[in-house]
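> After the structure tokens below, expect a handful of questions from me.
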Amino acid sequence: MSDWRTRFRTPQIWTAHPARHRPDRWLVVANRDGSTTQLYAWDTGSGEVAAGTGDPLSTWEGWIDPAGRYIYHLQDEKGSELGHLVRIPIGGGEVEDLTPDLPPYTLRGVGFNGDGSLVVFNPINADGFALYAIPDGGEPRLLHRDTWENWGALASARGDLAACWSAARARGVRQYTLLVFDTRTGERVAELDDGPETSVVATVFSQVDGDDRILAKTTRSGLERPLIWNPRTGERTDLPLPDLATDVVPLDWSADAATILLCQLGGAQRLYSHDVATGTTTALDHPPGTYYDAIDGGATFDPDGNIVGLRQTAEAPPSIVELSGTTGGLRRTLYPAGPAPSGRPWRSVTFPSADGTEVQAWVAVPEGAGPFPTILETHGGPHWAQYEKFDAGTQAWLDHGYAWISVNYRGSVGFGRDFTEKIWGDMGHWELTDMVAAHEWVVREGIARPDEILAFGASYGGYLTLFALGRRPDLWAGGMAIVAEADLAASYAEVSDALRAAMRGWMRGSPEDRPEAWARSSPITYAADFAAPVLAIQARNDSRIGATQMENFERRLREHGKEIELDWLDGGHQSFGPDTFIYCWEKMLAFAEEVLARKRG
């Protein structure tokens with residue numbers, strides 16, 4: 001195999017979470033067979049790594065209980081992300097369906113009390129958004145249900161309180177209030193509402209038995225900032241952190257609730273510790289890299305007060321590290337990175353968008369002197385961000401002589417409330433503005449050949465790829481989109497109830513409420529304007545992105561005489577493992593080379 005395929009095959013950890021009270025047991029999401037991505041239980045003492053799942057289409061999301069007894073995950077059909085929460089005993093045993101009598105659902109959160117004897121979870125289906133508690137060996141107990149979107153499932157150490165965050169106040173727009181319930185009665189204990197245009201999201205309850213405080217974050221100041229709140233007494237402490245200019249999120253609370261671990265976002269990440277008693281925040285001198293992901297979470301404290309978690313850099317596969325909780329210094333590497341061809345470094349850059357807003361991006365270049373043919377990538381989400389990481393796909397482009405830039409467009413997290421929410425109600429517009437600014441920057445810097453820039457993205461990034469090709473056809477040599485939406489309204493009719501709620505929030509109404517806005521934001525509207533060839537790769541069983549809408553888009557492009565290649569994968573939105581990634585990159589590399597060869601004559 002050539003080097004670029006070897007990177008995909010290299011045993012690699014994607015996420016890693018320790019059992020809170022069994023630091024020798026971890027749940028790792030990893031590629032170990034060179035073919036798929038699965039959930040594994042890792043014992044640090046013996047070094048044994050045991051498979052918890054064996055889905056031929058890959059499994060990406062799971063949870064481990066605080067006592068390290070079980071792995072939990074959503075068992076679905078063919079990657080649909082609609083199914084039941086199950087648990088698997090670590091060390092072997094039968095898979096147990098925890099909700100056999102509930103209709104299939106999508107999950108938006110799983111949490112545990114201190115000893116793992118109570119699990120809370122957040123299922124979504126046609127019945128609405130719910131929060132349930134399940135005592136060990138007991139039946140699911142409904143705590144909350146609403147038609148408005150709510151996320152998350154956290155439990156207090158004692159297990160008498162559970163929390164989630166709700167978009168009811170904002171009528172479905174993703175500006176949340178924090179709700180807390182009594183797990184025995186379902187009674188609402190309290191709600192934390194920071195007012196219109198703000199959002200409050202919880203991270204973790206204190207792990208001290210009987211301590212009801214919650215560590216959370218709020219956008220009240222315009223930036224994400226940590227806070228501590230007691231739902232029973234109403235007592236609250238905010239951590240304003242005025243000297244830090246980007247979002248700062250809380251990652252964890254130490255076992256004694258004396259110290260908080262913080263992470264500054266917005267480009268290269270920085271960890272801080274906060275002493276609760278003194279209110280002192282200290283920057284940690286840790287090895288550079290990424291320690292937090294907006295979807296998967298990040299580093300945590302172990303019972304001894306050390307910081308443990310996944311460290312990611314661009315040049316080598318991730319490793320699990322233990323850092324000093326007081327200084328941030330590397331104490332030891334718990335799980336070293338697997339052997340792989342080294343990657344080219346990334347660098348963080350900023351440039352002004354058309355309205356003057358500073359936009360951050362990551363850039364990497366191949367060996368040799370530019371300018372180069374260039375890949376302009378947009379991440380998925382939209383409310384996520386590109387972080388520095390070892391990315392086999394990016395390195396494959398670099399291996400083949402392409403420069404690469406990934407822009408954290410408006411809608412990305414880490415850069416403040418206004419930056420994230422700017423796109424709501426007018427999806428595509430501001431993101432494209434920032435993509436154009438990135439395009440201009442790489443040309444101006446001598447990195448890119450202006451007529452050899454290809455747009456690429458997956459999920460929401462794939463949507464932006466298609467939108468950019470239709471709205472600014474003059475800029476692109478070609479476009480490659482994976483699991484992308486081309487017709488928002490048509491996709492809305494096909495996707496899961498959870499995604500419909502999200503789309504209504506992003507668009508500030510349904511397709512029936514705002515048909516012109518939905519059409520304006522849909523790539524299919526601009527089918528007649530496409531000039532560059534398109535490669536689209538879709539998943540047949542994707543409950544987040546409709547299949548029919550892409551078939552309609554293909555037909556519309558062909559009716560206008562446009563060039564499109566549409567390829568279909570088995571499985572759903574998160575069914576990708578090394579085999580699938582390699583297949584996609586083989587298709588995209590061949591597509592890009594053909595497009596550029598034709599341009600060069």
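> Give the residues of the stretch 320-360 that are part of a strand (DSSP E or B) and more than 24 Å from TRP404 (Cα to Cα), sorted by residue number.
ILE320, VAL321, GLU322, LEU323, LEU330, ARG331, ARG332, THR333, LEU334, TYR335
> Would you tally the residues in the stretch 438-467 being surrounded by fewer than 24 Cβ atoms within 10 Å (Cβ to Cβ), small (Gly, Ala, Ser) and over 24 Å from the mean Cα position of the chain (by Cα)?
Adding up the residues that qualify gives 1.
> Considering only the stretch 153-198, give the strands (runs of 3 or more DSSP E) lying wholly within it that have at least 1 residues that are under 23 Å from the mean Cα position of the chain (by Cα) and either without any contact (Cβ under 8 Å) to a residue 24 or more places away in the chain or buried (at least 22 other Cβ atoms within 10 Å of the Cβ) (or both).
161-166, 177-182
> Name the residues in the stretch 249-294 that are within 19 Å of SER319 (Cα to Cα), surrounded by fewer than 17 Cβ atoms within 10 Å (Cβ to Cβ) and among the aliphatic types (A, V, I, L, M), would you?
The answer is ALA268, and nothing else.
> Say whether the condition of being of a type in the set (Val, Ile, Thr), crowded, with 24+ Cβ neighbours inside 10 Å and under 30 Å from LEU398 (Cα atoms) is met by at least one residue in the stretch 470-490.
Scanning the stretch 470-490, I find at least one residue that is of a type in the set (Val, Ile, Thr), crowded, with 24+ Cβ neighbours inside 10 Å and under 30 Å from LEU398 (Cα atoms), so the answer is yes.
> Within the stretch 202-254, which residues are in the same structural domain as ALA299 (by TED's automatic domain parsing) and in contact (Cβ under 8 Å) with a residue 60 or more places away in the chain?
THR246, ASP247, SER254 - these are the residues of the stretch 202-254 that are in the same structural domain as ALA299 (by TED's automatic domain parsing) and in contact (Cβ under 8 Å) with a residue 60 or more places away in the chain.
> Among the listed residues ALA316, ALA294, identify the single one that is more than 20 Å from the chain's Cα centre (by Cα), of a type in the set (A, V, I, L, M, F, W, C) and under 22 Å from HIS17 (Cα atoms).
One residue alone meets the criteria, ALA316.
> Please find, within the stretch 568-601, the residue that is farthest from THR106 (Cα to Cα) out of those that are of a type in the set (A, V, I, L, M), in contact (Cβ under 8 Å) with a residue 40 or more places away in the chain and surrounded by 20 or more Cβ atoms within 10 Å (Cβ to Cβ).
For the stretch 568-601, the residue satisfying everything is VAL595.
> Looking only at residues in the stretch 361-389 that are in a loop (DSSP other than H, G, I, E, B) and of a type in the set (A, V, I, L, M), which one is modelled with the highest pLDDT?
That would be VAL365.
> Related question: VAL173 fails exactly one of the following numbered conditions: (1) modelled with pLDDT of 95 or more; (2) of a type in the set (A, V, I, L, M, F, W, C); (3) more than 21 Å from ARG236 (Cβ to Cβ). What is the number of that condition?
Only one criterion is unmet by VAL173, namely (1).
> Same structure, new question: Report the residue count in the stretch 129-146 for those that are assigned to a strand (DSSP E or B) and either buried (at least 17 other Cβ atoms within 10 Å of the Cβ) or among the basic types (Lys, Arg) (or both).
The qualifying residues number 10.
> Taking LEU398 as the residue in question, decide whether it is in contact (Cβ under 8 Å) with a residue 24 or more places away in the chain, assigned by TED's automatic domain parsing to the domain that holds HIS274 and under 30 Å from PRO11 (Cα atoms).
No; evaluated as a whole, the condition is false for this residue.
The values are calculated or read from the model by the stated rules, or taken from the named source; none is laboratory data. Fair warning: this is a prediction, and the values are worked out from it, not measured in the lab. Note that each Cβ is placed from the backbone with ideal geometry, even for glycine, and that neighbours are counted across all protein chains shown.
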